[in-house]
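A quick write-up on the structure given underneath.
The values are calculated or read from the model by the stated rules, or taken from the named source; none is laboratory data. Bear in mind the structure is a predicted one, so any value in this text is a computation, not a measurement. Cβ: placed from backbone, ideal geometry, glycine included. Neighbour counts: every protein chain shown.
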């Protein structure tokens with residue numbers, strides 16, 4: 001399921017709408033019988049409310065959970081417990097639709113944006129931690145993550161698919177190698193090798209020859225000491241340069257607010273599962289701006 005299907009399902013949810021016009025009662029497939037009377041709230045789907053709002057035919061009443069106090073409670077619950085907090089159905093998708101299409105009908109919209117982004121960051125970190133633990137398992141059959149929304153499942157679906165496919169390929173290679181090993185005969189330590197000239201040698205004789213040959217090739221102590229000095233002379237500046245480069249890179253990332261660590265390459269494959277085509281994974285941003293803080297890859301004028 002993609003983001004378009006997720007949005008389509010979320011738009012079928014009912015919301016309270018206060019019309020400013022009168023209309024006769026009509027029957028709709030997704031809302032049933034609906035009669036509009038000016039000033040009287042009515043329950044209609046979000047898609048219908050969006051059309052009426054675009055025509056200035058009324059306003060919506062924001063859901064009970066779409067306020068700073070309730071969202072702060074969700075954030076606090078995410079901090080206190082290891083598992084995911086249960087959110088209302090289609091929490092993130094409905095929030096995005098309402099904030100984008102009904103800006104004038106929602107109070108404290110700027111604070112709500114920041115809190116929803118904070119909640120998304122914390123749940124995203126939990127999802128990635130869970131996936132890392134899942135992928136490093138030796139024997140795995142399925143993955144189950146409780147209390148995630150449909151929007152989050154659309155986001156995490158391509159990651160799970162790509163990761164499990166890569167692990168299946170690795171497992172197939174291991175099975176092929178094990179089959180090849182089974183076909184190779186087990187050679188004992190006392191195996192006798194016969195030369196074409198008719199002379200036979202035991203394996204223990206080859207071991208003795210090997211030890212005698214390698215013992216003469218051992219370097220002198222002075223040469224080993226010289227190599228150690230050369231190694232230290234070269235390695236210390238390189239380690240210092242590496243530490244300095246890492247510090248500058250960490251400082252740069254800290255200034256930009258990047259706190260994300262991706263343990264596997266295929267955890268970055270999530271562009272198709274997000275509604276933004278510019279690769280930015282924040283929930284609320286301006287695509288035309290050069291840098292937007294948030295989760296994932298952001299546009300950076302220095303790169």
2 or more residues at pLDDT below 90 and touching a strand residue (DSSP E or B) at 6+ places or on another chain (Cβ under 8 Å): qualifying strands (runs of 3 or more DSSP E) within region 1-77: 26-28, 32-34
Residues satisfying the stated conditions in region 91-124, i.e. in contact (Cβ under 8 Å) with a residue 24 or more places away in the chain, out of contact with any helix residue (DSSP H, G or I) (no Cβ under 7 Å at 6 or more places or on another chain) and part of a helix (DSSP H, G or I): 91, 96, 98, 104, 105, 117, 121, 124
Of residues in region 57-98 being under 24 Å from the mean Cα position of the chain (by Cα) and under 29 Å from residue 39 (Cβ atoms), the one surrounded by the most Cβ atoms within 10 Å (Cβ to Cβ): 95
